[in-house]
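Just so it is clear, none of the values below were taken in a lab; they were calculated from the coordinates. Predicted, not measured: the structure shown is a model, and the values here were computed from it. Neighbour counts are summed over all protein chains in view; Cβ atoms, including those assigned to glycine, are modelled from backbone coordinates with ideal geometry.
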Amino acid sequence: MEMLQEKISQHFAILMFGLLCIPAAHAEDTFYLGPKVGIMAQDVACPGGGNSCTTQAIFGGITAGYSLLGEHGQFPVDMGSLTLALEGEITRPITDLSLNYYGTQQTWKTNTQALYAVFRYNFNDRYFAMVRAGNVNYKTTGEITQSGQPTQTFKTSTSDTGYGLSGGKNFKSGTLRLDLSNGSKSKVTSIAIGYLFRF
């Protein structure tokens with residue numbers, strides 16, 4: 001399983017590198033890249049067992065994308081107001097996810113790598129909505145502390161199907177976008193705002 005996850009990470013790195021190299025030979029405004037910041041919420045088993053607990057953290061990240069087909073795409077196939085794009089995303093925590101449950105303290109950081117297929121509907125030249133779905137890899141490191149007990153550390157890496165909705169507004173230099181994302185099995189939900197520069 002670890003070997004498979006390593007291969008997924010390697011393939012993701014290659015795809016992200018490819019996205020970053022695209023501007024050298026692309027049609028104008030088909031490539032986009034920019035930062036994002038948001039809040040991540042995760043439902044987990046409470047430390048010590050029992051009920052489900054929810055915790056939140058602030059994260060930052062980078063999104064890179066390439067519009068392939070349709071309006072504003074590299075290949076202007078007639079798809080009406082739709083555009084098909086390929087999008088990669090990396091996020092890192094700014095604050096820790098943390099739980100304190102009956103004397104058991106658990107803190108952890110979650111890094112994500114994601115690759116999505118994106119369908120964008122352009123209402124007009126300024127406003128749009130998006131649906132995206134793909135694979136998300138979660139890498140988590142953390143520790144569990146109990147009174148009178150040695151601190152335990154843990155590390156996990158899981159892959160999940162991710163999906164989300166987005167909406168935004170186009171400006172002359174780029175796009176202001178609001179993203180809502182979710183993992184189907186990981187119970188991780190995030191909301192973020194970002195600005196993507198078009199090239």
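Using a Debye calculation, one point per C-alpha and no hydration shell, please list log10 I(q)/I(0) for region 96-170 at q = 0.23 Å⁻¹ in order.
Result of the Debye calculation: -0.97.
Which residue, chosen from Ser147, Leu86, Ser186, occupies the Cα position most advanced towards the positive end of the dipole of region 78-199, where the dipole is computed from +1 (Lys, Arg) and -1 (Asp, Glu) charges on Cβ about the Cα centre?
Final value for the positive-end residue is Leu86.
With a Förster radius of 45 Å, plug the Cβ-Cβ distance of Phe199 and Thr104 into 1/(1 + (r/R0)^6) and report the FRET value to the nearest 0.05.
Numbers: r = 48 Å, r/R0 = 1.08.
Using R0 = 45 Å, I get an efficiency of 0.40.
How would you rank Leu69, Leu165, going from fewest to most other Cβ atoms within 10 Å of each one's own Cβ?
Result, fewest neighbours first: Leu165, Leu69.
Using the count of nearby Cβ atoms within 10 Å as a rough guide to exposure, how do Asp96, Asp179 rank from fewest to most? Can you show the working numbers first?
Numbers: Asp96 15, Asp179 21.
Arranged by neighbour count, lowest to highest, Asp96, Asp179 become Asp96, Asp179.
Suppose every K and R has +1 on its Cβ and every D and E has -1 on its Cβ; what is the size of the dipole of region 109-162 about the Cα centre, in Debye to the nearest 20? Before the final figure, lay out the partial values.
Details: 6 positive and 3 negative charges, 24 e Å.
Here the size comes out at about 120 debye.
Loop only by DSSP, 14 or fewer other Cβ within 10 Å of the Cβ. Give me the trypsin sites (Lys or Arg not before Pro) in region 54-138 that pass, ordered by residue number. Display every interim value, and only then the final one.
Details: sites: Lys109, Arg120, Arg126, Arg132; in loops: Arg126.
Sparse-neighbourhood loop trypsin sites (Lys or Arg not before Pro): Arg126.
Would you list Glu89, Glu143 from fewest to most Cβ contacts within 10 Å? Mind showing how you got there, number by number?
Details: Glu89 25, Glu143 13.
Taking fewest neighbouring Cβ atoms as first place, the list is Glu143, Glu89.
In region 28-121, what chymotrypsin sites (Phe, Trp or Tyr not before Pro) fall in a loop by DSSP, with at most 13 other Cβ atoms inside 10 Å?
Details: sites: Phe31, Tyr32, Phe59, Tyr66, Tyr101, Tyr102, Trp108, Tyr116, Phe119, Tyr121; in loops: Tyr102.
Within region 28-121, the qualifying chymotrypsin sites (Phe, Trp or Tyr not before Pro) (loop, at most 13 other Cβ atoms within 10 Å) are Tyr102.
Determine, for each peptide in 144-154, 33-43, the mean count of other beta carbons within 10 angstrom over its residues, then list the peptides with the highest first. If you can, show how the numbers build up before the last one.
Values: 144-154: 10.6, 33-43: 17.1.
Averaged packing, sorted descending, gives the order 33-43, 144-154.
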